[in-house]
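Visitor: Shown below is the structure under consideration.
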Amino acid sequence: MDGSRITLNASDMPIVTALRELADRPQARFYLPGHKGGHGAPEALRQWLGEALWRADLPELPDFDNLFAPEAAIAAAQTLAAQAFGADRTWFLCNGSTAGVIAALSAVCRPGDRVLLPRNAHRSAITGLIHCGAMPVLAAPDYDRAWDLDRGLTPETVALAIERYPNLVAIFLVSPNYYGQSCDLAAIVAIAHQHYSNSNHPIPVIIDAAHGSHFAFHPDLPASALTSGADLVVESTHKTLGALSQAAMLHLQGDRVDPDRVDRALACVQSTSPNALLLASLDAARQQMATHGRSLLDRTLTLADRFRSGLRDRGWIVLGDRGIADRFDRTRITVRTADAGLSGYNADEFLYARGVAAELPTDRHLTFVVTIGNSDADIDRALAAFRDLEALRSPVDPNSNPSLKTNTTVPTQSPPQLTEPAIRPRDAFFQPSETIALADSRDRLSADTLCPYPPGIPLLIPGERITQTAIDALQQTLAAGGTVTGWSTAGWVRVVRDQ
Ligand SMILES: Cc1ncc(COP(=O)(O)O)c(C=O)c1O
């Protein structure tokens, strides 16, 4: 099958079809993987997971396809995915959006190039910088104090960055964020594409849309990053659609990014033994949405709305996002537990013990993700568990009940709007380093990413000079009972060793 020449229908599943045929073919298997269709699989696992799974776990056989030079089933499935998601070209990822983010940055940035990056970028973006050697211009996301969350970059911040750093080679954004809030992508893309960097290339926009795979399939969801004109878009198909964990996609649109560089960058970060089950799940998840996406998401939105209004009716404050309603994903339910004297962690623990598992607890709120996989029974159970939780709600005095205490407001200093590290993250990562007490670290260069919660925005990334302000902010976070991720021992930081 030549994926470029045959006629494709949205209801086709080329990878699933090819694997089914191959899995059932009688064959003396002398190739890898070693379980040989399940015959050598651990018995307990084979019985539990079923035989079909092992039979379908096939390598890149000549009559299947090769992820790195696709011509048959994978090529056809990727073409169908590009059509369904609105891209010019789509690559299947079997190492998650993590691989997509690293590859996207590496496809666009060369060592020493400057790229605009929000401070709250996922850690895969920092890995991407270490991999490609680019220098980030770090931009502070718009911070919502009432909710204690970062919303993303504004068009104004992007315009300012382009004015100050006219040689930027790319704009990298996270949109939507974990709470379902999208940036004004259309405005940002328009600003970036109007500008030609010093090398005379229009600036491409890379979007980490790990949480936005479903946007393409319902008009009541925010516009997808591709619809908004972005050049490279990374989506975790496994997060909000029906694919297996780690299965994701990278989409390309337009001619501002060279597809050959994307191919080469992906070859550096994808396994050379791509899991056929993951690829099949991407194929099937795309087919599911291309054929039934609208109705599945109609139902999902109805469930999410019922969850939100059920909570609001009982007095819980739920993130709704007035002002950016058309850029807010209603399938994300973020409840402000702090109003009830509960941290998101306390509430999460309570609900978990009652069979309700949320996605993301923070100090002051708890976020739930409603997808096409949820049911009315899930919403009933969650609302019932919240009713139980209300017994712990005010008049709880957090000071008299430490287990319910939320961390007090941490007066972390807002990071400056645009900053650059002193040296490239790649250099900070590879240079010899040592661990020293935070109190002694002033003026040293951080070798790690340190992220205080709240607000959960990295205060230091590799290569940044540690200021007294940063030390104070980290110490205040600790004193207020907050947490800092990125250090192995609280109060000790890894710094680049002085040469
Ligand atoms: C914003 C963002 N980007 C990228 C990733 C990485 O995605 P994956 O788990 O598919 O590698 C995540 C994971 O949570 C994320 O939240």
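The values are calculated or read from the model by the stated rules, or taken from the named source; none is laboratory data. Small disclaimer: the values here were computed from a predicted structure and weren't measured. Neighbour counts are summed over all protein chains in view; Cβ atoms, including those assigned to glycine, are modelled from backbone coordinates with ideal geometry. The protein model used for the area step is the full one, side chains on, heavy atoms only, and it has no ligands, DNA or RNA in it. Shrake-Rupley method; radii C 1.70, N 1.55, O 1.52, S 1.80 Å.
Visitor: Using alpha-carbon pairs under 8 Å, 6+ residues apart, how would you state the relative contact order of the chain in percent? Working shown, then result.
Guide: Working: 1034 pairs, mean separation 71.4, N = 499.
Here the relative contact order equals 14 percent.
Visitor: If you don't mind, there's one more thing I want to ask. Can you bin the range 189-333 into rounded, prolate or oblate? Criterion: square roots of the alpha carbon gyration tensor eigenvalues sorted a ≥ b ≥ c, rounded for a/c under 1.5, prolate for a/b above b/c, oblate for the rest. Kindly include the intermediate steps, with their values, before the conclusion.
Guide: Details: a/c = 2.51, a/b = 1.37, b/c = 1.83.
Since a/c reaches 1.5 but b/c is at least a/b, the shape of the range 189-333 is classed as oblate.
Visitor: Along Cα→Cβ, 7 Å out, is where each label goes; now give me the distance between the ones at residue 258 and residue 123 in nm to one decimal.
Guide: About 3.2 nm separates the two model spin labels.
Visitor: Over the chain, with every protein chain in place, what whole percent of the accessible area is carbon and sulfur at 1.4 Å, could you tell me? It would help to have the intermediate numbers written out before the result.
Guide: Working: 10570 of 21430 Å².
The value for the chain is 49 percent carbon and sulfur by accessible area.
Visitor: Can you compute the helix-only [θ] at 222 nm over the chain? Use -39500 (n - 2.57) per DSSP H run of at least 4 residues, normalise by all residues, nearest 500 deg cm²/dmol. Intermediate results must be reported in sequence, preceding the final value.
Guide: On the way: 15 runs with 174 residues, N = 499.
Computed ellipticity for the chain at 222 nm equals -10500 deg cm²/dmol.
Visitor: So how much accessible area does residue 71 have, in Å² to the nearest 10, using a 1.4 Å probe?
Guide: Surface accessible to solvent at residue 71 totals approximately 130 Å².
Visitor: Another question about this same structure. Nearest-5 percent of antiparallel DSSP beta bridges in the chain? If you can, show how the numbers build up before the last one.
Guide: Values: 34 of 49 bridges.
Beta bridges within the chain, antiparallel portion: roughly 70 percent.
Visitor: Okay, next question. Skipping prolines and chain starts, which residues have an amide H placed within reach, meaning under 5 Å, of the one on residue 142, given they are 5 or more residues away or on another chain?
Guide: 151, 152, 153, 154
Visitor: Could you pull the Cα extents of the range 314-357 along its three principal axes, largest to smallest, in whole Å?
Guide: In descending order, the Cα extents are 35, 21, 18 Å.
Visitor: Then there is this: With a ≥ b ≥ c the root eigenvalues of the C-alpha gyration tensor of the range 120-182, is it rounded (a/c under 1.5), prolate (a/b larger than b/c) or oblate? Before the final figure, lay out each step's value.
Guide: Numbers: a/c = 2.46, a/b = 1.33, b/c = 1.85.
Oblate, since a/c reaches 1.5 and b/c is not below a/b.
Visitor: Heavy atoms of the protein only, probe of 1.4 Å, neighbouring chains included. What is the accessible area of residue 420 in Å², nearest 10?
Guide: 60 Å²
Visitor: Per residue, how many Å² of accessible area does the range 418-496 show with a 1.4 Å probe?
Guide: Working: 3310 Å² over 79 residues.
Computed with neighbouring chains in place, this is 42 Å² per residue.
Visitor: State the extension gain, in nm to one decimal, for the chain segment bounded by residue 354 and residue 63, taking 0.36 nm per residue of separation less the distance between their alpha-carbons. Numbers along the way, then the final one.
Guide: On the way: separation 291, 0.36 × 291 = 104.76 nm, distance 4.88 nm.
Going from the current span to full extension adds 99.9 nm.
Visitor: Can I ask one more? Can you bin the chain into rounded, prolate or oblate? Criterion: square roots of the alpha carbon gyration tensor eigenvalues sorted a ≥ b ≥ c, rounded for a/c under 1.5, prolate for a/b above b/c, oblate for the rest.
Guide: Details: a/c = 1.57, a/b = 1.20, b/c = 1.31.
Verdict is oblate for the chain.
Visitor: With bins 5 Å wide starting at 0, give me the P(r) of the range 293-404 over every alpha carbon pair, in whole percents.
Guide: 2, 12, 22, 25, 19, 10, 6, 2, 1, 0
Visitor: Roughly how many Å² is the accessible area per residue of the range 293-404, as a whole number, for a 1.4 Å probe? Mind showing how you got there, number by number?
Guide: Details: 5180 Å² over 112 residues.
On a per-residue basis, 46 Å².
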